[in-house]
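I have placed the structure first, in the form of structure tokens, so that the comments after it can refer back to it.
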Amino acid sequence: MYKEVVQFIREVYHQPEGFIPLHEPRFVGNERKYVMDAIDSTFVSSVGAYVDKFEEMMSDITGAKYAVAIVNGTNALHLALQLTGVKNNDEVLTQPLTFIATANAIKYAGAIPHFVDVDMETMGLSPDKLAQHLEEIAEMRQGVCYNKNTGRRIAACVPMHTFGLPVYIDQIIEVCNTYNIPVVEDAAESLGSYYKGQHTGSFGKAGIFSFNGNKTVTSGGGGAIVTNDKDFAVKAKHLSTQAKISHRWEYAHDAIGYNYRMPNINAALACAQLEQVDSFVKNKRDLSDLYADFFSNFEDVKFMRETENSKANYWLNAIMLKDKKSRDAFLQYTNDAGVMTRPIWQLMNRLEMFKDCPKSDLSNAEFLADRVVNITSSVRINE
């Protein structure tokens with residue numbers, strides 16, 4: 001089977017030989033034009049027309065009322081959690097099956113990640129497991145949720161839309177509302193993904209996106225916060241700009257702020273890429289259909305598909321093999337053959353810095369971590 005997979009990927013990408021990366025950016029629009037325009041304007045730092053345009057485009061694409069350009073997705077999540085009210089020694093519910101940036105951002109906010117299991121079909125935070133876990137450990141005190149085992153406040157919940165596959169976000173928010181826990185969506189991987197016709201990232205108190213070099217749309221490095229709360233957006237922009245009070249020449253600041261604003265030169269690149277988001281996502285969804293049809297011929301491989309009421313961007317296509325031994329053999333063969341594949345991330349609770357964090361039963365996450373592999377997912381420019 002491994003040989004057939006390599007051959008199929010090479011055929012799909014019209015590349016009979018040479019190295020095929022997992023996901024590489026495509027610069028086939030106005031990228032060069034807009035970047036050179038930003039350079040010619042001399043506004044290449046955190047102020048400029050492309051920053052404003054980027055925020056407008058993100059608001060239009062996601063349907064959120066406000067968008068704030070941030071230097072990367074990790075910083076966007078850190079700032080969103082801080083503005084949500086997360087403080088030192090709080091706990092933040094999240095999934096163990098995620099990129100480390102999710103857990104790191106929680107720590108940046110001074111809080112402690114609290115890991116809850118995922119669903120098998122979405123690979124994202126499970127509303128059923130969340131409800132069951134909170135029923136066991138939550139204690140309400142004057143309308144505030146606490147972990148009765150640790151005595152710490154549960155200040156927020158951060159579900160992540162894994163590989164662009166939307167979680168059951170409405171159900172997660174319903175569970176969290178029962179306990180007065182605000183939800184911040186980690187939509188870093190899901191630009192162009194929708195759940196029940198609504199863009200990911202626009203359901204909770206806030207959502208964050210990443211525009212890293214390997215994302216569907218990239219600005220080299222970049223991120224965004226989206227929200228429907230005007231006050232939240234104003235504070236995010238203020239704090240991300242060192243909390244500087246606007247003035248023509250004075251340097252005055254009214255809070256501990258951050259140097260988190262996206263530079264205009266990166267925003268120029270992002271705007272050109274955002275112009276192509278619909279065509280990129282269509283291209284990637286077409287690829288997922290090809291993969292789904294191909295892998296249907298193999299009993300021991302499951303191609304991970306979007307759930308009902310979801311429209312995924314298929315940022316990274318994923319397959320699930322029958323066991324860890326098969327996964328490791330697949331990874332060895334494909335990478336030796338010049339076709340890059342990778343395992344899903346190591347579970348956060350297995351990393352040294354997070355091994356003592358509170359957690360629920362994580363049997364689904366553990367099962368997936370041993371079996372899921374990402375396969376080639378770049379936009380096919382030949383198509």
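Out of Ala329, Ala292, Ala267, report the one residue that is small (Gly, Ala, Ser), free of Cβ contacts under 8 Å to residues at least 24 places away in the same chain and either more than 18 Å from Glu189 (Cβ to Cβ) or in the same structural domain as Tyr50 (by TED's automatic domain parsing) (or both).
Of Ala329, Ala292, Ala267, the one residue that is small (Gly, Ala, Ser), free of Cβ contacts under 8 Å to residues at least 24 places away in the same chain and either more than 18 Å from Glu189 (Cβ to Cβ) or in the same structural domain as Tyr50 (by TED's automatic domain parsing) (or both) is Ala292.
Among the numbered conditions (1) surrounded by 20 or more Cβ atoms within 10 Å (Cβ to Cβ); (2) more than 20 Å from the chain's Cα centre (by Cα); (3) part of a loop (DSSP other than H, G, I, E, B), tell me where Arg327 comes up short.
Just one mismatch for Arg327, condition (3).
Just checking, how many residues over the range 7-36 are of a type in the set (Asp, Glu) and either crowded, with 18+ Cβ neighbours inside 10 Å or without any contact (Cβ under 8 Å) to a residue 12 or more places away in the chain (or both)?
Total satisfying the criteria: 2.
Quick grid of which residues meet (1) modelled with pLDDT of 95 or more; (2) more than 18 Å from the chain's Cα centre (by Cα); (3) in a helix (DSSP H, G or I):
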| residue | (1), (2), (3) |
| --- | --- |
| Asp52 | yes, yes, yes |
| Asp60 | yes, yes, yes |
| Ala69 | yes, no, no |
| His78 | yes, no, yes |
| Leu83 | yes, yes, yes |
| Lys87 | yes, yes, no |
| Lys107 | yes, no, yes |
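Does the range 204-226 contain any residue that is among the aromatic types (Phe, Trp, Tyr) and without any contact (Cβ under 8 Å) to a residue 24 or more places away in the chain?
No, the conditions are met nowhere in the range 204-226.
Quick one: would you say Ile106 is in contact with a Phe, Trp or Tyr (Cβ under 9 Å, 6 or more places away or on another chain) and either surrounded by 24 or more Cβ atoms within 10 Å (Cβ to Cβ) or in contact (Cβ under 8 Å) with a residue 12 or more places away in the chain (or both)?
no
Quick grid of which residues meet (1) closer than 26 Å to Asn309 by Cα; (2) assigned to a helix (DSSP H, G or I); (3) under 21 Å from the mean Cα position of the chain (by Cα); (4) not assigned by TED's automatic domain parsing to the domain that holds Ala270:
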position: Cys176; (1), (2), (3), (4): yes, yes, yes, no
position: Leu191; (1), (2), (3), (4): yes, no, yes, no
position: Ser202; (1), (2), (3), (4): yes, no, yes, no
position: Ser219; (1), (2), (3), (4): no, no, yes, no
position: Lys237; (1), (2), (3), (4): no, yes, yes, no
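The values are calculated or read from the model by the stated rules, or taken from the named source; none is laboratory data. If you're wondering where the values come from, they're calculated on a predicted model, not measured in any experiment. A quick note on method: Cβ atoms are made from the backbone with ideal geometry, for glycine too, and the neighbour counts reach across all protein chains shown.
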